[in-house]
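First up is the structure itself, then whatever we jot down about it.
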Protein chains: 2
Amino acid sequence: MKELKLNPLPSACCTLDISGKEQDKLVKMFKALGNPLRFEIMKFLVTHPGCITSDIVDYLPIAQATVSQHLRVLREAGWIEGTVDGPATSYCLHEDNITWFRNQIKVIF
Amino acid sequence: MKELKLNPLPSACCTLDISGKEQDKLVKMFKALGNPLRFEIMKFLVTHPGCITSDIVDYLPIAQATVSQHLRVLREAGWIEGTVDGPATSYCLHEDNITWFRNQIKVIF
DNA sequence: CAATTATATCGTATATTTACGATAAAGGAG
DNA sequence: CTCCTTTATCGTAAATATACGATATAATTG
């Protein structure tokens, strides 16, 4: 059997080898982090793990309702986890999903 | 001189150690890739480097004007490069910026 | 129970994004 | 020069994102 010689692609600087639900999840994570205030919230959570919403409200120059909305976006994208703690909600980075993200990036970039 | 013993933070699953213009650039890249069609364009460019706009228009289910708009967003975020080639424009991944992105991710995640 | 604290959600206004058709601009072919 | 191809940009409509104040909910305090 003769081997077909396929035109080899010039080796690209990344593979972006991902599809389906995993791609959807990754794109959603990109989108959530593609907002300056949400990125700041993530940075704040690195240095203030377990802090509550009002800590973030005090830190950022936006209204409580807006912070709550951004927290929801980050949570639904999988970046953070909220734990109800009495009347407050305590937020942390979602370590499993962040590890998943790191590994995906390693594979596709 | 006595060393102040600071409360060590529980080691986080990422550092997000970035700020200023670099953070702005990274957030912009996240935002650009946080759109399903733009992610598809990036994937297409991995396997079709140097293709022209009309190739992408044929590939995607959206109008030529919309593709051109998405290409502009990707270009302004630094993901791709366009080269005018006769009446057409040939697009490639922007290798330097992608390398920059990969290194930033390595540092902060 | 009443008051306080903390937060999510609702309703809504404004801004941005996304999409399209139409058109302009620029190069190549006849 | 005229026609064709290719693409970017303009104008604009529709959808989505972002922001806020007001309000609802739920736990704690006095």
Between A:Phe109 and A:Thr83, Cβ-based FRET efficiency (R0 41 Å, step 0.05) works out to 0.80
Cα centroid distance between the stretch B:87-109 and the stretch B:27-61, in Å?
13 Å
Chain A, helix-only ellipticity at 222 nm - DSSP H runs n ≥ 4, -39,500 (n - 2.57), divided by all residues, nearest 500
-17500 deg cm²/dmol
How long are the semi-axes of the equivalent ellipsoid of the protein assembly as shown, defined as square roots of 5 times the Cα gyration tensor eigenvalues? Whole Å, largest first.
38, 19, 17
Which residue fluctuates the most in chain B, going by a Gaussian network model with Cα springs under 10 Å, if the choices are B:Ile41, B:Ile62, B:Ile98?
B:Ile62
To the nearest 0.05, the calculated FRET efficiency linking A:His48 and B:Thr99 through their beta-carbon distance, R0 being 30 Å, is 0.40
Quick one: which residues, 5 or more positions from B:His94 or on another chain, have an amide H under 5 Å from its amide H? H modelled 1.01 Å from N in the peptide plane, none for Pro or chain starts.
B:Ile80, B:Glu81
Label-point separation, A:Ser68 to B:Ser90 (7 Å along Cα→Cβ), nm
5.5 nm
Ascending list, in nanometres, of distances separating the A:Ser68 label from those of the other copies (7 Å, Cα toward Cβ)
4.5
Given a 1.4 Å probe and no ligands, DNA or RNA in the count, how much accessible surface is buried by A and B, both sides, to the nearest 100 Å²?
2900 Å²
Please tell me which of these pairs span more than 28 angstrom C-alpha to C-alpha: A:Lys31/B:Lys43; B:Lys5/B:Lys28; A:Lys21/B:Lys106; A:Lys106/B:Lys25; A:Lys28/A:Lys106?
B:Lys5/B:Lys28
Starting from a label point 7 Å past Cα on the Cβ side, list the distances from A:Pro49 to the same position in the other copies, nm, shortest first.
4.0
Please work out the Kirkwood hydrodynamic radius for chain A, using every pair of different C-alpha atoms, and report it in angstroms with one decimal place.
15.9 Å
Between copies, how far does the label point of A:Thr15 sit from its twins, in nm, shortest first, when each point is 7 Å from Cα along Cα→Cβ?
2.7
Could you give each residue of the stretch A:20-32 its phi-based ³J(HN,Hα) in whole Hz, using Karplus coefficients 6.51, -1.76, 1.60 with θ = phi - 60°, and x for Gly or Pro?
x, 5, 5, 4, 4, 5, 5, 4, 5, 5, 4, 4, 4
Heavy-atom accessible area of B:Trp100, protein chains in place, probe 1.4 angstrom, given in Å² to nearest 10, is 50 Å²
Note down the accessible area of A:Thr47, probe 1.4 Å, to the nearest 10 Å².
70 Å²
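The values are calculated or read from the model by the stated rules, or taken from the named source; none is laboratory data. Keep in mind the model is a prediction, meaning the values are calculated, not measured. Using ideal geometry, Cβ is built from the backbone for each residue, glycine included, and neighbour counts are taken over all protein chains shown. What goes into the accessible areas is simple: the full protein's heavy atoms, side chains included, and nothing from ligands, DNA or RNA. Shrake-Rupley method; radii C 1.70, N 1.55, O 1.52, S 1.80 Å.
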